[in-house]
Amino acid sequence: NNLPPSSSATGCRFIDTSTISPAVSKKLHQQVQSVSPHHDYVDAPVSGGVKGATDASLTFMTGCSSEETFQKIQPLLKRMGKAVLPCGTSGSGSAVKLCNNAALAAQMIGICEAMSLGESLGVDPSVLANVMNVSTAKCWSSEVNNPHPIAAKSTGSGASANDYEGGFGTALMLKDLNLALDAAVEEGKSMPLTGLSRQLYSLADNRGLGRKDFGVMLQFLNGK
């Protein structure tokens, strides 16, 4: 309600890169345009983590009210990322981000369980990670942000190599899972695996691991 009125036909474009509810994104878009039809609001949450921000290789998921707005913001966002993806109208960027992180949370838990079992069976974590990364289990959580410190150090990538510091926090993942499940309730969708992921990340957060990278789930599952 404190937005300035537009002083020109171009107006102002507000880019929101936070991860919030799609319903809130739509409401903010309406509030911005209620001040002036020349103003616009874009939800543009990001993926890629700390490494993506450092390397300027982030992915922006954008919800725009028009193609014109997308073309205006794309050059700016490309200075910070490798991909600026149009996801649809207002709120769709936020929706895509929640879906992405719901899948990512379960993915990471799966990799944590596999790395934990492999080590218990006597397999070198680096060997297991290398095999997974040329096999069907290959994914971001196994290759870029492997939760096992030994595997991460061997590839030179992953917050676990730095005691799970500097990555995507467990508390932030928990926040995104809560948002995703809230949206699922609103849409009447069942997400049992995402529900289990939330329970595990909530337990890890309560254990005091909220500020650690969400790959610390490996240590939590190992009882550490």
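The values are calculated or read from the model by the stated rules, or taken from the named source; none is laboratory data. If you're wondering where the values come from, they're calculated on a predicted model, not measured in any experiment. In this analysis, Cβ positions are derived from the backbone assuming ideal geometry, glycine residues included, and neighbour counts consider all displayed protein chains. Accessible surface is based on the protein model in full, side chains and every heavy atom, while ligands, DNA and RNA are left aside. Shrake-Rupley method; radii C 1.70, N 1.55, O 1.52, S 1.80 Å.
For the chain, a Gaussian network of Cα nodes joined below 10 Å ranks Lys51, Lys189, Lys138 by mean-square fluctuation, and the top entry is Lys189.
Is the C-alpha gyration tensor of the chain telling us rounded, prolate or oblate? Criteria: a/c under 1.5 is rounded; beyond that, a/b larger than b/c is prolate, otherwise oblate. Note, shape of the chain comes out prolate. Taking the accessible area of the stretch 1-108, probe 1.4 Å, and keeping the other protein chains in place, the carbon and sulfur fraction comes to 56%.
Rule-of-thumb check for the stretch 91-224: C-alpha Rg over 2.2 N^0.38 Å? Show your work: numbers first, answer last.
Numbers: Rg = 14.8 Å, N = 134, 2.2 N^0.38 = 14.1 Å.
For the stretch 91-224, the normalised Cα radius of gyration is 1.04.
Relative contact order, whole percent, for the chain stands at 17, derived from Cα pairs under 8 Å and 6 or more residues apart. Across the stretch 8-52, the relative contact order, built from alpha-carbon pairs under 8 Å that are at least six residues apart, equals 52 percent. The stretch 100-149 and the stretch 22-85 have Cα centres separated by 31 Å.
Based on the Stokes-Einstein relation at 20 °C and a viscosity of 1.002 mPa s, and on the Kirkwood radius from alpha carbon pairs, the stretch 30-126 is assigned a translational diffusion coefficient of 138 µm²/s.
Dividing the summed -39500 (n - 2.57) terms of all DSSP H runs of n ≥ 4 by the residue count of the chain sets its mean residue ellipticity at 222 nm at -16000 deg cm²/dmol. Summed over the residues of the stretch 1-142 and divided among them, the accessible surface reaches 51 Å² per residue at a probe radius of 1.4 Å. Between Val127, Val46, Val144, the Gaussian network model of the chain with springs among Cα atoms under 10 angstrom shows the greatest mean-square fluctuation at Val127.
Solvent-accessible surface (1.4 Å probe) assigned to Ile150 amounts to roughly 80 Å². Inter-label distance, Trp140 to Glu67: 2.9 nm, where each label sits 7 Å from its Cα along the C-beta direction. Between Val35 and Glu187, the C-beta separation translates, for a Förster distance of 22 Å, into a calculated FRET efficiency of about 0.15.
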